[in-house]
Amino acid sequence: MVDVRKIRLIMELRESGITDSKVLSVIEKIPRMNFIPETFKHQAYENIALPIGNDQTISQPLIVALMTQNLELIKTHKVLELGTGSGYQTAILSKLCRRVYTIERIKELSIKAENTLKDLKITNVVTKVGDGNKGWFEQRPFDRIIITAATKELSKNIISQIKDEGIIIAPMIGEDGKQILKKFIRKDKKIISQNITEVIFVPNLPGSVN
Ligand code: SAH
């Protein structure tokens, strides 16, 4: 059955500057409703963030698309994600790269996301409970790193675990408290940054919750 709401969402993403057809096609294929609690399932294809429990949210589809597009993924890439949340962004990434290593600080969310991904037969994702700011030492270096929680500054671990020419996408909190989605590119020992757009993300918090 053709889902009109899904088609409308894809059109909205296109009009808002998502031009990468691979990103659009993956968003069309992955059922966002699988990642959303029963109460909000009817809003799954609206272009809004929704609650997923534990005071956290699944990101707005446009922001997921924008972050994915800016990662410039290819099939051989190994990606680190900080903030698994519902696992929706993880699922989108998994279809465009070789493997996703994803870290979530809240155990309950990590387990739920792992089950949702398993139901969708996604097998190239490895999950972990912990503080994502530490990165994933055993699996370094990464071609791409995506941070899905608002961050004051990139940790030393994150910077040291990205490959040369690698890209990091993260919502960064400025001095005025506003959040800007930024793209960082590592060139030799330098990090070059570009602003993408203003965003609203839940905060990046230290430690983990059992
Ligand atoms: N990308 C997610 C949205 C995540 S919301 C999705 O598509 O659903 C951000 C998530 O980051 C929350 O689940 C929050 O618990 C987690 N988080 C915040 N700080 C973290 C940290 N330091 N390490 C790991 N996860 C963190």
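Couple of notes before you dig in:
- For the range 38-49, the criterion of being aliphatic (A, V, I, L, M) and under 29 Å from Lys163 (Cβ atoms) is met by none of the residues.
- Residues located in the range 71-103, provided they are charged (D, E, K, R) and more than 8 Å from the ligand (Cβ to nearest atom): Glu72, Lys75, Lys78, Lys95, Arg98, Arg99
- Residue count for the range 152-169, restricted to those that are farther than 16 Å from Phe137 by Cα and in contact (Cβ under 8 Å) with a residue 60 or more places away in the chain: 2
- Neighbours by Cβ (under 7 Å, 6+ apart or cross-chain): first from the range 104-115, without any contact (Cβ under 8 Å) to a residue 40 or more places away in the chain and near the ligand (Cβ under 9 Å from one of its atoms); second assigned to a helix (DSSP H, G or I) and open to solvent by 70 Å² or more (accessible area, probe 1.4 Å): none
- Yes/no for Ile111 being touching a Gly at 6+ places or on another chain (Cβ under 7 Å), closer than 23 Å to Gly207 by Cβ and not hydroxyl-bearing (Ser, Thr, Tyr): no
The values are calculated or read from the model by the stated rules, or taken from the named source; none is laboratory data. These numbers come from a predicted model, not from an experiment. In this analysis, Cβ positions are derived from the backbone assuming ideal geometry, glycine residues included, and neighbour counts consider all displayed protein chains. Calculation scope for accessible area: heavy atoms of the full protein, side chains included, ligands and nucleic acids excluded. Shrake-Rupley method; radii C 1.70, N 1.55, O 1.52, S 1.80 Å.
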